[in-house]
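Take a look at the structure below.
Each value in this text was obtained by applying a stated rule to the coordinates, not by laboratory testing. On a predicted model such as this, the values are computed, not experimentally measured, just so you know. So basically every Cβ, Gly included, is an ideal-geometry build from the backbone, and we count neighbours across all protein chains shown.
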Amino acid sequence: MIAHGTFSLKSAENNLKNLKMKKLLYITLIAFGIGLFASSCYDDDSTLDVNAIPDITLDTTGVATLTVYQFENLKVIPELDHQGLSESELEYEWKINLEPNDTIYEVVGNERDLDFLVEFKPNLSGNFHQLVYTVTNTRTNLDHIFAWPVKVLNNIGEGLVVAHTEDGATTDISHIMSPSVTPDYEDVSVKHNVYSAINGSTIPGITKQMRYTKLGRDDVMFGITETSIYTINTLDYTFGGSNGDLFYAERSNYEPQALGGVNQGDLYLANGTITSTYLGASTKIGLPFDSDFTAPDIIAANGVSNPIVVISFYDEVNGQFVYQPSVTPFGDNTMYATPNSPSGAFDPTTQPGYVNLAAGVSTTGEFMHLLKNNGTGEVALFTFDEGVSGFPTPEAPKPIAKFDLTGAPGIDEAENFAFLDDQKVMYYATSTKVYAVLYGTATPTIEERYTVPSGETITTLQVYRQADYPVRFSGEYMPLNNKALIMSTFDDTTGRVYLLPYINTGIGNIDTPNIEIFSGFGKITAIATQL
């Protein structure tokens with residue numbers, strides 16, 4: 001993807017004689033060979049001859065268009081024949097226009113060679129930046145100017161998107177690509193502060209969640225703060241829109257609770273309501289479901305194709321569990337109180353006083369809800385089956401088990417939780433440790449799995465799942481998909497992202513020798529995957 005090498009630079013010959021000017025300007029708009037390293041590649045479609053200019057010779061055979069990936073360096077190493085001139089008698093200037101076809105230029109180098117970090121947006125078809133190289137012979141005061149088009153390609157592909165803050169008030173976005181999270185990629189690329197570099201500013205507020213999806217034909221990253229919802233176009237990481245821009249009908253306020261996704265449904269939770277819109281076929285978010293229940297910040301949503309029940313949650317206001325069979329207009333999208341079952345492990349209709357800590361869905365459709373009773377301090381894991389298929393509406397999920405986790409070490413202070421969907425394992429994180437709850441038997445086992453280095457504090461924890469999991473129509477998932485944790489830490493100055501592979505089915509041990517760490521961020525508040 002990236003060409004490495006050195007190519008010659010020699011100029012065209014123009015024998016301009018008998019000119020009585022103190023300073024003679026040669027403008028030679030020609031394509032010339034260059035050395036492109038690491039982060040650039042080239043298109044060899046030039047057949048220009050080798051021409052000579054007095055004082056300096058450059059080879060014009062070779063490159064007609066320079067091609068460089070966004071957020072990588074364009075390195076140009078000209079082979080200059082000074083024809084007796086010393087380096088001290090030459091001056092150099094590199095400049096590039098700020099927008100394609102624009103006349104405003106920025107100087108990006110004053111050395112013989114160019115090493116320039118390209119942060120411009122990827123070019124639209126047929127639009128190019130122009131890079132200008134000026135070599136000045138200070139003995140004769142002659143300028144030799146060369147210019148050629150520069151094509152900027154998108155260099156942000158599948159990987160991890162990191163939301164972090166430097167000031168505690170705004171969000172910047174960075175991006176990670178590595179062989180573990182990026183298909184057919186052999187390098188490690190961490191692009192810091194991508195959003196602010198492209199847009200010239202950060203995002204107001206602290207981002208608490210992000211989610212990648214389609215918005216019409218565009219690939220976007222949704223993000224939410226306490227007072228806003230916004231989108232970023234992942235083609236070039238430009239700002240997409242926010243709040244009222246994203247809804248068919250203006251909302252009375254924008255205080256998002258959470259984002260989520262199911263098959264052909266993008267979920268938006270706010271003001272105790274749930275909205276589902278298939279944004280792959282729409283460009284704006286629709287209206288919420290009408291319900292007497294109050295949706296919390298945390299729900300369990302089954303993303304597989306055609307599940308029996310799509311949504312389950314614990315209503316903190318009414319103290320009961322609720323389920324919704326479908327989110328589509330042709331299915332039963334009514335919310336129902338989950339009824340009591342004579343053989344159930346607990347009564348889902350009367351569980352007052354709890355708050356939601358975490359929720360999840362297994363690959364077999366079972367729902368898991370981790371709750372804490374603020375009055376008694378009890379922490380309990382409630383599990384339900386998938387329900388029973390039926391028409392026009394399925395039977396409700398039945399209570400399977402209730403596990404008391406009150407005595408689990410540090411769970412009363414834990415803020416980050418992650419359910420595995422193919423094993424009866426739940427992880428939770430204190431400020432410095434990660435524990436695994438193994439609940440495959442009647443009595444759960446809690447074991448420590450990882451301790452962060454001294455001085456670091458855990459800020460987020462989740463399972464690494466590619467953005468289209470669990471429904472993929474072609475191609476294989478990455479080997480680590482659904483087999484690693486993503487954890488972030490902060491040490492008061494630097495944020496880090498950890499990729500923690502887990503091994504031993506049903507046990508959830510961390511594969512310590514294969515942990516990957518990416519650093520250089522602010523305090524990380526949310527991480528998402530993108531395709």
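Structure data summary
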item	result
Per DSSP, loop GluC sites (Glu not before Pro) in the range 66-166 with at most 12 further Cβ within 10 Å	Glu111
Residue range of the chain that is longest and free of chymotrypsin sites (Phe, Trp or Tyr not before Pro) which are both DSSP loop and sparsely packed (at most 12 other C-beta within 10 Å)	1-247
For the range 233-267 versus the range 478-523, the gap between their alpha-carbon centres in whole angstrom	28 Å
In nm, spacing of pseudo-spin labels at Thr493 and Asn374 (7 Å Cα→C-beta vector)	3.8 nm
Per DSSP, loop GluC sites (Glu not before Pro) in the range 365-421 with at most 15 further Cβ within 10 Å	Glu378, Glu413, Glu415
Selected from Asn154, Leu80, Gly126, residue furthest toward positive end of dipole (the range 73-195; charges at beta carbon)	Gly126
Net lengthening on full extension, Glu395/Leu117 (0.36 nm per residue, minus Cα-Cα)	94.2 nm
Gain upon complete extension [Asp245, Asp187; 0.36 nm per residue less C-alpha separation]	17.2 nm
Hz values of 3J(HN,Hα) by residue in the range 337-354 - Karplus curve (6.51, -1.76, 1.60), Gly and Pro given as x	5, 5, x, 6, 10, x, 9, x, 6, 7, 9, x, 8, 9, 9, x, x, 9
Contour excess over end-to-end distance, with Cα ends at Thr364 and Ser86 and 0.36 nm allotted per residue	92.6 nm
Flagged links, alpha-carbon separation over 24 Å, of Lys284/Lys523; Lys75/Lys191; Lys75/Lys214; Lys402/Lys424; Lys398/Lys433	Lys284/Lys523; Lys75/Lys214; Lys398/Lys433
Partner aspartates and glutamates for Lys151 [C-alpha distance under 13 Å; skip if fewer than 8 residues away on the same chain]	Asp43, Glu72, Glu99, Glu119
Cβ-derived FRET efficiency at R0 56 Å, Ile517 paired with Arg139, nearest 0.05	0.55
Long-range HN-HN contacts of Val463 with modeled amide H, under 5 Å	Ile486
For the range 514-521, 3J(HN,Hα) per residue [Karplus equation, 6.51 cos²θ - 1.76 cosθ + 1.60, θ = phi - 60°, Hz, x = Gly/Pro]	10, 5, 10, 10, 10, 10, x, 9
Dipole in debye (nearest 20) - the chain, about Cα centre, beta carbon charges: Lys, Arg +1; Asp, Glu -1	360 debye
Cα centroid separation - the range 313-331 against the range 370-425, whole Å	15 Å
Karplus (6.51, -1.76, 1.60) ³J(HN,Hα), θ = phi - 60°, over the range 252-258, in Hz, Gly and Pro reported as x	5, 7, 10, 10, x, 9, 6
CD proxy at 222 nm, helix term only [per DSSP H run n ≥ 4: -39500 (n - 2.57); per residue of the chain; nearest 500]	-500 deg cm²/dmol
Among Ile515, Asn356, Met487 - extreme Cα towards positive end, dipole of the chain, charges at beta-carbon	Asn356
Where labels lie 7 Å past Cα in the beta-carbon direction, separation of Ser282 and Val471 in nm	1.5 nm
Leu124-Glu413 pseudo-label distance in nm [points 7 Å out on the Cα-to-Cβ vector]	5.4 nm
DSSP beta bridges in the chain [antiparallel fraction, %, rounded to 5]	95 percent
Longest DSSP-loop-exposure-free segment, trypsin sites (Lys or Arg not before Pro), the chain, at most 14 other Cβ within 10 Å	218-471
